[in-house]
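Since the structure comes first, as structure tokens, the remarks are kept for the end.
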Amino acid sequence: MLHSNLSPQRILIFGSSIFEEGIAHLLLTRGANAEVSCSGYTNELAFLVEIVHSCPDVVMLNDNTPLNKSHIFKLLFSIPSLVGLRIIVTRLGNNLIDVYLKPEQAVTHMAFERQQFDITKQDELVAVIQG
């Protein structure tokens with residue numbers, strides 16, 4: 001999924017805790033050129049419908065979610081229109097954030113790149129989310 005500097009980045013945050021709400025608020029108040037929406041996970045079908053409907057550039061998940069992350073990655077990376085999708089996994093227990101990127105040309109469906117960041121400041125978090 002290619003992102004133009006002129007169009008707002010679409011960020012979909014899954015989770016309904018104060019943590020996810022805080023990240024959404026931070027993104028909206030820091031002047032990020034982003035459309036931020038939050039959604040709770042109810043089931044796999046609703047999750048996929050939300051993803052296809054919103055066509056996000058970034059999907060954020062919390063590591064403490066009861067979801068099976070490898071299964072979620074498989075679902076997300078199997079949608080051809082989500083080329084370039086970035087999945088960001090946050091943790092409540094430490095400052096580490098994992099960023100997974102589906103390459104524009106993947107040899108296999110599950111090919112992705114992973115980067116890890118140690119975030120200590122709000123601006124760092126916004127910068128990682130924005131890519």
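Each reported figure results from applying straightforward, stated rules to the coordinates on display, with no laboratory input. The structure displayed is predicted, hence computed values, not measured ones. Cβ sites come from the backbone with ideal geometry, for glycine too, and all protein chains shown count toward neighbours.
Can you say what percent of the DSSP beta bridges in the chain, counting only those with both residues inside, are antiparallel? Round to 5.
Once the DSSP bridges in the chain are tallied, antiparallel ones form about 40 percent.
What percent of all Cα-Cα pairs in the chain falls into each 10 Å bin, going from 0 up to the bin containing the maximum distance?
Distribution as computed: 12, 47, 36, 5 percent.
For the residue pair E35 and S54, what label-to-label distance in nm results when each label sits 7 Å from Cα along the Cα-to-beta-carbon direction?
The two pseudo-label positions are separated by 1.1 nm.
At 222 nm, what helix-only mean residue ellipticity would the chain give, in deg cm²/dmol to the nearest 500, using -39500 (n - 2.57) for each DSSP H run of four or more?
Result for the chain, helices only: -9500 deg cm²/dmol.
Using Cβ counts within 10 Å as a stand-in for footprinting exposure, how do D57, D98, D118 rank, fewest first?
Result, fewest neighbours first: D118, D98, D57.
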